[in-house]
Amino acid sequence: MRDKLRRLMAEAFETDLESVTPESSMETLEGWDSLGHIKLVSALEQEFGLKLDQDQIVAATSFARIEALLAARG
């Protein structure tokens, strides 16, 4: 799951895969803007077959938080 998440984040934020680490967040990735966030949420929903609610979308501000969210969703 971690590799998939890294790939999705790199694609959504139009950055190289090496830039995305477990410590990545909105503050550390230059491409993580509002449009990139929407692209990431869409990719997560499609790739993992889930529907995120508004609170989850707002809380998805770092690699670690997204990883925890995905783990909790099974």
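For region 51-64, name all the residues that are within 10 Å of the chain's Cα centre (by Cα) and free of Cβ contacts under 8 Å to residues at least 40 places away in the same chain. I'd like the intermediate steps shown before the answer.
Let us first name the residues in region 51-64 that are within 10 Å of the chain's Cα centre (by Cα), namely 57, 60-64.
Matches in region 51-64: ILE57, ALA60, THR61, SER62.
In region 1-23, which residue that is closer than 19 Å to ALA72 by Cβ and assigned to a loop (DSSP other than H, G, I, E, B) is modelled with the highest pLDDT?
Filtering region 1-23 for residues that are closer than 19 Å to ALA72 by Cβ and assigned to a loop (DSSP other than H, G, I, E, B), the one modelled with the highest pLDDT comes out as PRO22.
Any chance region 37-50 includes a residue that's of a type outside the set (Lys, Arg), under 12 Å from the mean Cα position of the chain (by Cα) and not in a helix (DSSP H, G or I)?
No: zero hits.
For region 58-69, give me each residue that is part of a helix (DSSP H, G or I), among the β-branched types (Val, Ile, Thr) and either surrounded by fewer than 16 Cβ atoms within 10 Å (Cβ to Cβ) or out of contact with any helix residue (DSSP H, G or I) (no Cβ under 7 Å at 6 or more places or on another chain) (or both).
Scanning region 58-69 gives a single hit, VAL58.
Of everything in region 1-23, what is in contact (Cβ under 8 Å) with a residue 40 or more places away in the chain and touching a Lys or Arg at 6+ places or on another chain (Cβ under 6 Å)? Give them in sequence order.
Selection gives VAL20 alone.
Across region 24-36, which residue is nearest to ALA72 (Cα to Cα) among those that are assigned to a loop (DSSP other than H, G, I, E, B) and either without any contact (Cβ under 8 Å) to a residue 24 or more places away in the chain or among the small types (Gly, Ala, Ser) (or both)?
Start the filter on region 24-36 by keeping residues that are assigned to a loop (DSSP other than H, G, I, E, B), which leaves 24, 26-33.
Going one step further and asking which of them are either without any contact (Cβ under 8 Å) to a residue 24 or more places away in the chain or among the small types (Gly, Ala, Ser) (or both), we end up with 24, 27-33.
On the way: SER24: 20, GLU27: 24, THR28: 24, LEU29: 24, GLU30: 27, GLY31: 26, TRP32: 23, ASP33: 25 Å.
Of everything passing the filter in region 24-36, SER24 is nearest to ALA72 (Cα to Cα).
The values are calculated or read from the model by the stated rules, or taken from the named source; none is laboratory data. For clarity, every value in this text was computed on a predicted model and none was experimentally measured. Here the Cβ is made from the backbone with ideal geometry for all residues, glycine too, and neighbour counts use every protein chain on show.
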